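Below is one structure, written out as structure tokens; the observations come after it.
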Amino acid sequence: MVLAVNVFHHFLKTKEDYQRLINWLNKLAVNEMFFEPHQYDEPHLKGSFINYREREFVDFVLANTQLNYASIIFRCDDGRNLYKLSM
């Protein structure tokens with residue numbers, strides 16, 4: 001299991017970090033992940049290599065892991081959704 005709560009967006013800032021995230025996700029062997037994406041309009045992501053909207057980011061993680069399904073399991077007070085990604 002992986003707990004990735006509001007952390008993967010740090011790998012979107014540069015092309016090199018983005019590629020590192022892709023490589024890591026492709027090697028990951030887990031049955032489930034709890035994933036909280038960032039909010040698209042966060043100021044510190046301005047000028048990032050890539051900036052996904054919420055569902056785009058979920059789909060990106062699914063596409064680069066062996067995980068196939070995503071469901072929202074919790075809505076945080078700040079408006080972010082917590083997803084359970086699974087096989």
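What the table below lists for this structure:
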{"read-out": "Evaluation of Phe74 against (1) of a type outside the set (D, E, K, R); (2) assigned to a helix (DSSP H, G or I); (3) without any contact (Cβ under 8 Å) to a residue 24 or more places away in the chain (one fails), failing number", "value": "(2)"}
{"read-out": "Candidates Phe57, Phe49 - the one that is surrounded by 13 or more Cβ atoms within 10 Å (Cβ to Cβ) and within 18 Å of Lys84 (Cβ to Cβ)", "value": "Phe57"}
{"read-out": "Tyr83 being within 13 Å of the chain's Cα centre (by Cα), modelled with pLDDT of 95 or more and not in a loop (DSSP other than H, G, I, E, B)", "value": "yes"}
{"read-out": "In the stretch 27-41, residue nearest to the chain's Cα centre (by Cα) [restricted to those that are closer than 17 Å to Leu82 by Cβ and part of a loop (DSSP other than H, G, I, E, B)]", "value": "Pro37"}
{"read-out": "Conditions (1) surrounded by 13 or more Cβ atoms within 10 Å (Cβ to Cβ); (2) modelled with pLDDT of 95 or more; (3) of a type outside the set (Lys, Arg): number failed by Tyr40", "value": "(2)"}
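Yes or no, residue by residue, for (1) among the aromatic types (Phe, Trp, Tyr); (2) more than 12 Å from Leu85 (Cα to Cα); (3) in contact (Cβ under 8 Å) with a residue 12 or more places away in the chain:
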| residue | (1), (2), (3) |
| --- | --- |
| Val2 | no, no, yes |
| Val5 | no, yes, yes |
| His9 | no, yes, yes |
| Leu12 | no, yes, yes |
| Arg20 | no, yes, no |
| Leu25 | no, yes, yes |
| Arg53 | no, yes, yes |
| Leu62 | no, no, yes |
| Gln66 | no, no, yes |
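The values are calculated or read from the model by the stated rules, or taken from the named source; none is laboratory data. Only a predicted model underlies this, so the values are computations on that prediction, with no experimental measurement involved. Cβ sites come from the backbone with ideal geometry, for glycine too, and all protein chains shown count toward neighbours.
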